[in-house]
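Taking it in order: structure first as structure tokens, then the write-up.
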Amino acid sequence: MALSQSEVLAGLAEIVNDETGIAADAVALEKSFVDDLDIDSISMMTIVVNAEDKFGVKIPDEEVKNLITVGDAVDFIVGAQG
Amino acid sequence: MSHPQLNQYTAVQFSRIYGLGAARGDLIVSNDEVAGPIDSSDEWIRQRTGIIERRRASANLSLMDMAVDASQQAIAAAGIDPSEIGAVLFSTITHPHQTPSAAALLADKIGANPAPAFDISAACAGYCYGIAQADALVRSGMAKYVLVVGGEKLSDFIDPTDRTISFLLGDGAGAAIVGPSDTPGISPTVWGSDGSHWDAVGMSASLLELRDGTTAWPTLRQEGQTVFRWAVWEMAKVAKKALEVAGVEAEDLDALVTHQANIRIIDELAKQLKLPENVVVARDIVHTGNTSAASVPLAMHALLKSGEVKSGGLALQIGFGAGLAFGAQVVVMP
Ligand SMILES: CC(C)(COP(=O)(O)OP(=O)(O)OC[C@H]1O[C@@H](n2cnc3c(N)ncnc32)[C@H](O)[C@@H]1OP(=O)(O)O)[C@@H](O)C(=O)NCCC(=O)NCCS
């Protein structure tokens, strides 16, 4: 069954926390990965591969640069679920 | 028609690495020196790659010079005579002749002539490919001792204005002698390739394009994100598989010696493997840079030399890169 927006957000926040140490509750939809959360391009890639695995979706390289905010990533994952 | 029964090689049960040798470029090149032409900075390079400086070879130090130096150290460490070497395998992507091989010249220079000698083209996976073949040659009885060298003078094939890979690269050579053993010293190898990403890392153009004047001097290039994602994700699976086929758990290891591509890849791999704290993770990249085929033996040599890991320790070694190609095995450190 497809996960809801809030379930994906919670799962993503867990990955971000695990990869970067940022508190999960700081990972809110409107936050920008780079500007607000200070996540660099390399951490972004490790978050992406872990998210692909966790949510069973493909996030192509070309797509990653469009994922500016946490909300962008959540929406993409919600939409990409089977 | 009847004929006499053929002789075949008599197999040996086990093999191990007898000794290692290491030679690094004679120049220490700082991040500040490479940052200018790519509008980068010491801080950016340290943060994204872990590299503080890389070793490069001056004009007077050739790939062959470094390979001979490393090989002679490995032969001395193994305590064998070079005439006992039954095969020389040289993994390199920077030997500047299409033919003849670098290995034949190396064999002659170190006193192993007339041993069979050939080059391996598997880029950053090349040393682990070499160990796999050496293990097979020794255990099949085809060769008593095999010299495996991973060596590169990558600085001959970089473009200082390229942001994708050149700033990572260094020069060096690492060597190992593999021979017969009473106890198991080299696990089965997990190796393979994925040519569907043939373009992800490699030369910017072919020699034919150079001949036709349609390209400048070809240099190394990569799609950093594609390679990074493949390295952390697929290589974690390969590393886990290597542990499984070796019959060991992550906590049985003394060291993790990965190809030194980027410290962030190394750290992520260690994390995916859930390595306990006491397993030493090789981070030779910090002062050596990425030396492609040389990086695994250089990194293992450094761990042994500093005493961080003792001889007899178990190491998971894994190489991965252009091809794409990968190889991993668990070895007893010499
Ligand atoms: C090469 C590598 C460090 C580049 O890092 P990256 O995070 O992928 O870089 P990106 O191309 O996404 O660029 C991210 C930002 O840094 C900038 N940037 C890229 N390369 C840069 C460099 N060398 N110096 C400074 N800034 C650089 C980009 O312009 C971009 O800035 P922007 O966000 O303002 O547009 C990284 O991809 C990598 O290590 N890949 C692994 C591959 C590897 O090690 N292979 C070895 C062969 S086996």
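The values are calculated or read from the model by the stated rules, or taken from the named source; none is laboratory data. Worth saying up front: this structure is predicted, and the values here are computed from it rather than measured. Here the Cβ is made from the backbone with ideal geometry for all residues, glycine too, and neighbour counts use every protein chain on show. What goes into the accessible areas is simple: the full protein's heavy atoms, side chains included, and nothing from ligands, DNA or RNA. Shrake-Rupley method; radii C 1.70, N 1.55, O 1.52, S 1.80 Å.
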Report summary line: Under the rule rounded for a/c under 1.5, else prolate if a/b exceeds b/c, else oblate, using alpha carbon gyration tensor axes a ≥ b ≥ c, the stretch B:73-219 is classed as prolate
Query - Of all accessible heavy-atom area on chain A, the percent that carbon and sulfur account for (1.4 Å) - result: 52
**Report entry** Only Lys, Arg (+1) and Asp, Glu (-1) charged, at Cβ; the stretch B:104-219 dipole about Cα centre in debye
**Finding:** 380
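Please compute, for peptide B:193-199, the average count of beta-carbon atoms on other protein chains lying within 10 Å of each residue's beta-carbon. If you can, show how the numbers build up before the last one.
On the way: counts 0, 0, 0, 0, 0, 0, 0.
Per residue, the number of nearby Cβ atoms from other chains is 0 on average.
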Query raised in the report: Based on Cα positions only, what radius of gyration and what Dmax would you give for the protein assembly as shown, in angstroms?
Result: 22.7, 84
Requested in this report: Calculate one ³J(HN,Hα) per residue across the stretch B:5-21 by plugging θ = phi - 60° into the Karplus curve 6.51 cos²θ - 1.76 cosθ + 1.60, and present them in order as whole Hz with x for glycine and proline.
Outcome: 5, 6, 7, 10, 4, 9, 6, 10, 6, 10, 9, 7, 7, 8, x, 10, x
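Run the numbers for residue B:99 and residue B:42: contour at 0.36 nm per residue of separation, minus the present Cα-Cα distance, in nm. Intermediate results must be reported in sequence, preceding the final value.
On the way: separation 57, 0.36 × 57 = 20.52 nm, distance 3.90 nm.
Full-extension gain reported as 16.6 nm.
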Report summary line: Between the modelled labels at residue A:40 and residue B:52 (7 Å from Cα along Cα→Cβ) the distance in nm is 1.5
Query raised in the report: In peptide A:39-45, how many Cβ atoms from other protein chains are near each Cβ within 10 Å, on average?
Result: 5
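Report the extension gain between residue B:308 and residue B:28 in nm, rounded to one decimal, defined as 0.36 nm multiplied by the number of residues separating them, less their alpha carbon distance. Could you put the intermediate results ahead of the total?
Numbers: separation 280, 0.36 × 280 = 100.80 nm, distance 2.32 nm.
Extra length from residue B:308 to residue B:28 when fully extended: 98.5 nm.
So if we plug the beta-carbon distance of residue A:66 and residue B:182 into 1/(1 + (r/R0)^6) with R0 = 45 Å, what FRET efficiency do we get, rounded to 0.05?
On the way: r = 58 Å, r/R0 = 1.30.
For residue A:66 and residue B:182, the calculated efficiency is 0.15.
Using per-residue counts of other Cβ atoms within 10 Å, averaged over each peptide, order B:298-304, B:244-250 from highest down. Could the numbers behind the result be given before it?
Details: B:298-304: 25.6, B:244-250: 14.7.
Top of the packing list down: B:298-304, B:244-250.
Working from the alpha-carbon coordinates of the stretch B:196-316, get Rg over Rh, Rh being the Kirkwood radius.
On the way: Rg = 17.2 Å, Rh = 16.1 Å.
With Rh from the inverse mean 1/r over Cα pairs, Rg/Rh is 1.07.
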Query raised in the report: Cα-based Rg (one decimal) and Dmax (whole number) for chain A, in Å?
Result: 11.2, 33
Requested in this report: Would you please give the residues with an amide H less than 5 Å from that of residue B:18, counting only those at least 5 places away or on a separate chain, with H modeled from the backbone geometry?
Outcome: B:177, B:178, B:179
Query raised in the report: Over the stretch B:191-313, what relative contact order in percent results from Cα pairs under 8 Å that are six or more residues apart?
Result: 20
Query raised in the report: lysines near residue B:153 by alpha-carbon distance under 22 Å, same-chain residues fewer than 8 away left out - which ones?
Result: B:109
Requested in this report: Determine which lysines satisfy two conditions relative to residue A:31: a Cα distance under 24 Å, and not lying fewer than 8 residues away in the same chain.
Outcome: A:54, A:58, A:65
Query raised in the report: Between residue B:6 and residue B:216, what length in nm is gained on full extension when 0.36 nm per residue of separation is reduced by their alpha carbon distance?
Result: 70.2 nm
Query raised in the report: Tell me, what ³J(HN,Hα) does each residue in the stretch B:198-211 have, in order and in whole Hz, if you take phi through Karplus 6.51 cos²θ - 1.76 cosθ + 1.60 with θ = phi - 60° and put x for Gly and Pro?
Result: 4, 7, 5, 8, x, 7, 6, 6, 8, 5, 5, 5, 5, 4
**Report entry** Unit charges at the beta carbon, dipole of chain A: most positive-side option, A:41, A:66, A:2
**Finding:** A:2
